[in-house]
Amino acid sequence: MSAISINKEHLKLILEDAKTSSESIVKETVLAANEDNTHMQMIVEKAAEKTQKSAKSQPSAMQIKITDFFKAVIPPVFGILMFLGIWTLLSHQQPILPGPISTWHSAVELFSHPFHQNSLDDQGIGWNILSSLQRVAFGFGLAALVGIPLGFMIGRYEFMSSMTAPVISILRPVSPLAWLPLGLLVMGAAGPAAIWVIFISSIWPMVINTAVGVSKVPQDYMNVAKVLNLSEWKIITKISFPYVLPYMMTGVRLSIGIAWLVIVAAEMLNGGAGIGFWLWDEYNASNYEHIIIAIFVVGIIGLLLELGLSMLAKRFAYE
Amino acid sequence: MNPILNEATTPALSNNTAKVTERYVHIEDVGMQFVTKKGTFEALKNINLSITQGEFVSIIGHSGCGKSTVLNLIAGLLQPTTGNLFCAGREIAAPGPERAVVFQNHSLLPWLSCYENVYLAVERVFGSETKVQQEARAYAALELVGLSHAVEKRPNEISGGMKQRVGIARALAMEPKVLLLDEPFGALDALTRAGLQDELMRIMQKSGATAVMVTHDVDEAVLLSDKIVMMTNGPSAGIGEILEVDLPYPRKRLELAENVQYNHLRSEVLKFLYERHAKKVA
Ligand SMILES: Nc1ncnc2c1ncn2[C@@H]1O[C@H](COP(=O)(O)OP(=O)(O)OP(=O)(O)O)[C@@H](O)[C@H]1O
Ligand SMILES: [Mg+2]
């Protein structure tokens, strides 16, 4: 197993990195219960706003539409070009860092046969992505199954909330990868351990957001429930659940984000298959272009997950 | 005929022939204190009130005197600090569908259609009936308030007046023994308000249910009520005076405008509110 050959320095770095990023996300969970603060979306929405505004004030000219289009497109294109420029510059300074062009050629070749399979250690990037996604789906699915009902109970019953508060506040800030050795110890295998890490680190945003949502159900609605003398089941299905759904979807979105962050790191330590493992493996095999490709793949898939869930959340919103 | 009218009319008729129950809603030495961060706040003190079955009672008073608190006590949403409340001879221990509430801000569930909002109440009260009967009740209630055309709309797709009417339909569909209304038309413009007042008057005449309505509006109080309860200012608010309104039914707002007795009652309420218990504007 090549991935186990990481030295301690590396391990520390990975741990710290995963910790800071997940912590900031957990903070975001509480602060931004309902906000959509994806950068991409902001850009898209701003652009759309601009187009609408000017479309209203001067609806006649086709030309204005075209300039608006360029206004929306030019800044992002400019940003990407600048990024590529800096990257090229750096790769000239430090020739061991592959530049955009050689990375591009390597990517074209790599993605021409994404699902080849020579051995367990040598399979197409498609397989690696799929096995990472599968782990995320398992770990996240389990977390949702436990976390959402738990959040409901915590939000609904004062007792549950006080009872779970101390444990949650201690466990929540723990860095995701700190759970890995425990998983390996108890489960005895790398695969389940990775799923365990995803489970334990992605459960909190769902628990907390759901609980916050449930506890915020307006008193007016609860008064309606009281006057109608609704059963607990009706209160949950007709009042709490619909009200909480948007909060819950925010939790789900943040959880998936964390799960994706964590899986890459966990696979680097764990080995087996997966995009994180592949990244590390390519580093050991000195295929430096592939490292950069892996970073882009991780980023793009993370973005797609986020966008997909945002769209799903919008469909669930009742207003 | 729609089932609401049928069923609701029957007990009222039989009550007219039999002996009318006095003290149907009975409030006895009730006091209400709220525990706040700054200590306890006595909102109500020594409230005594009896409401006869089938009577329409308005509660009027300056803002913050405790009108909603009285209504919530009758609804069972609040428990009094001292004293007791009874409805039909039983102590009021908790909210229940026999005391339906029309909330000040309509309180419709935004994710349900108008029909579903009403059906939620029907289902709870008439769970023993068949689904067809229950559906008929929900439709009939919406028809009663003139909303047959909007049954499938969500609350945010209809006007404020329509929302308030759905709120009334929801309460009426439960065929409550007591209808509690907290400033039901407070947020509406004068025209819509007048229309809904007439509608409410007609419905209450037909159903014969007991009603308690909180209001700010003197004309509304005189037009709709058999009795006007005027409250003194808080803290430690109480009942200042009770005015009997013995204008004959059906009451027509245009004819009443020139009615001597109506104008006398109206000025009585105004005098109470603006002379004897004027609220100092801070
Ligand atoms: N839950 C509560 N906690 C503390 N104080 C309360 C509470 N509910 C009401 N009060 C106080 O009791 C008093 C009466 O309130 P209430 O809502 O009954 O007034 P109101 O007559 O209905 O006023 P408005 O006409 O403005 O609706 C107010 O001074 C209010 O601040
Ligand atoms: Mg009030």
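Could you check region B:66-88 and list, in sequence order, the residues that are within 10 Å of ligand 1 (Cβ to nearest atom) and away from chain A (no Cβ under 14 Å)? Can you show your working first?
Taking region B:66-88 and keeping what is within 10 Å of ligand 1 (Cβ to nearest atom), we get B:66-73, B:78.
Once the filter is applied, which keeps residues that are within 10 Å of ligand 1 (Cβ to nearest atom) and away from chain A (no Cβ under 14 Å), region B:66-88 yields B:Gly66, B:Lys67, B:Val70.
Matching residues to (1) closer than 24 Å to B:Met32 by Cβ; (2) outside any helix (DSSP H, G or I); (3) open to solvent by less than 50 Å² (accessible area, probe 1.4 Å):
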residue: B:Gly234; (1), (2), (3): yes, yes, yes
residue: B:Gly240; (1), (2), (3): yes, yes, yes
residue: B:Leu243; (1), (2), (3): yes, yes, yes
residue: B:Asp246; (1), (2), (3): no, yes, no
residue: B:Glu258; (1), (2), (3): no, yes, no
residue: B:Asn263; (1), (2), (3): no, no, no
residue: B:Ser267; (1), (2), (3): no, no, yes
residue: B:Lys271; (1), (2), (3): no, no, no
residue: B:Lys279; (1), (2), (3): yes, yes, no
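Scan B:Thr82, B:Thr17 and give me the residue that is more than 16 Å from ligand 2 (Cβ to nearest atom), of a type in the set (S, T, N, Q), open to solvent by 20 Å² or more (accessible area, probe 1.4 Å) and modelled with pLDDT of 90 or more.
Working: B:Thr17 fails: modelled with pLDDT of 90 or more.
On inspection, the qualifying residue turns out to be B:Thr82.
Restricting to region A:196-222, and then to whatever is in contact with a helix residue (DSSP H, G or I) (Cβ under 8 Å, 6 or more places away or on another chain) and under 22 Å from B:Val122 (Cα atoms), can you tell me which residue is nearest to the other protein chains (Cβ to nearest Cβ)?
A:Tyr221
Could you check region A:229-266 and list, in sequence order, the residues that are in a helix (DSSP H, G or I), within 12 Å of chain B (Cβ to nearest Cβ) and among the polar types (S, T, N, Q)?
Residues satisfying the conditions are A:Thr237, A:Ser240.
Please determine whether any residue of region B:177-196 is more than 22 Å from B:Thr69 (Cβ to Cβ) and within 16 Å of ligand 2 (Cβ to nearest atom).
Going residue by residue through region B:177-196, those that are more than 22 Å from B:Thr69 (Cβ to Cβ) are B:188-196.
In the following step, the residues that additionally are within 16 Å of ligand 2 (Cβ to nearest atom) were identified as B:188.
Within region B:177-196 (the criterion being more than 22 Å from B:Thr69 (Cβ to Cβ) and within 16 Å of ligand 2 (Cβ to nearest atom)), the answer is yes, since at least one residue qualifies.
Just a yes or no: is a residue in region A:272-289 more than 24 Å from B:Trp111 (Cα to Cα), crowded, with 22+ Cβ neighbours inside 10 Å and without any contact (Cβ under 8 Å) to a residue 60 or more places away in the chain?
yes
Is at least one residue of region B:63-71 within 16 Å of ligand 2 (Cβ to nearest atom), hydrophobic (A, V, I, L, M, F, W, C), within 15 Å of the chain's Cα centre (by Cα) and surrounded by 19 or more Cβ atoms within 10 Å (Cβ to Cβ)? Show your work before the answer.
First, the residues of region B:63-71 that are within 16 Å of ligand 2 (Cβ to nearest atom): B:63-71.
If we keep only those that are hydrophobic (A, V, I, L, M, F, W, C) as well, we get B:65, B:70-71.
The next check asks that each one be within 15 Å of the chain's Cα centre (by Cα); those that pass are B:70-71.
Next cut, surrounded by 19 or more Cβ atoms within 10 Å (Cβ to Cβ) only: B:70-71.
Checked against the condition, which is being within 16 Å of ligand 2 (Cβ to nearest atom), hydrophobic (A, V, I, L, M, F, W, C), within 15 Å of the chain's Cα centre (by Cα) and surrounded by 19 or more Cβ atoms within 10 Å (Cβ to Cβ), region B:63-71 yields at least one hit.
Among the residues of region B:135-146, is any closer than 16 Å to B:Gln104 by Cα and touching a Ser or Thr at 6+ places or on another chain (Cβ under 7 Å)?
The initial filter retains those residues of region B:135-146 that are closer than 16 Å to B:Gln104 by Cα, namely none.
Looking for residues that are closer than 16 Å to B:Gln104 by Cα and touching a Ser or Thr at 6+ places or on another chain (Cβ under 7 Å), one finds none in region B:135-146, hence no.
Does region A:280-319 hold any residues that are within 14 Å of another protein chain (Cβ to nearest Cβ) and aromatic (Phe, Trp, Tyr), and which are they?
Quick first cut of region A:280-319, residues within 14 Å of another protein chain (Cβ to nearest Cβ) only: A:315-319.
Residues satisfying the conditions are A:Phe316, A:Tyr318.
When only residues in region B:28-54 that are within 26 Å of B:Ile203 (Cα to Cα) and surrounded by fewer than 19 Cβ atoms within 10 Å (Cβ to Cβ) count, which is farthest from ligand 1 (Cβ to nearest atom)?
Of all residues in region B:28-54, those within 26 Å of B:Ile203 (Cα to Cα) come to B:49-54.
Filter once more, keeping what is surrounded by fewer than 19 Cβ atoms within 10 Å (Cβ to Cβ): B:50, B:52.
Working: B:Ser50: 20, B:Thr52: 24 Å.
Going through the qualifying residues, I end up with B:Thr52.
Just one of the numbered conditions (1) farther than 22 Å from B:Pro155 by Cα; (2) within 9 Å of chain A (Cβ to nearest Cβ) is not true of B:Gln133; which one?
(2)
The values are calculated or read from the model by the stated rules, or taken from the named source; none is laboratory data. Because the structure is a prediction, the values reported are computed rather than measured. Please note: Cβ atoms are built from the backbone with ideal geometry, for glycine as well, and neighbour counts cover all protein chains shown. Please note that ligands, DNA and RNA were not included when accessible areas were found on the heavy atoms of the full protein model with its side chains. Shrake-Rupley method; radii C 1.70, N 1.55, O 1.52, S 1.80 Å.
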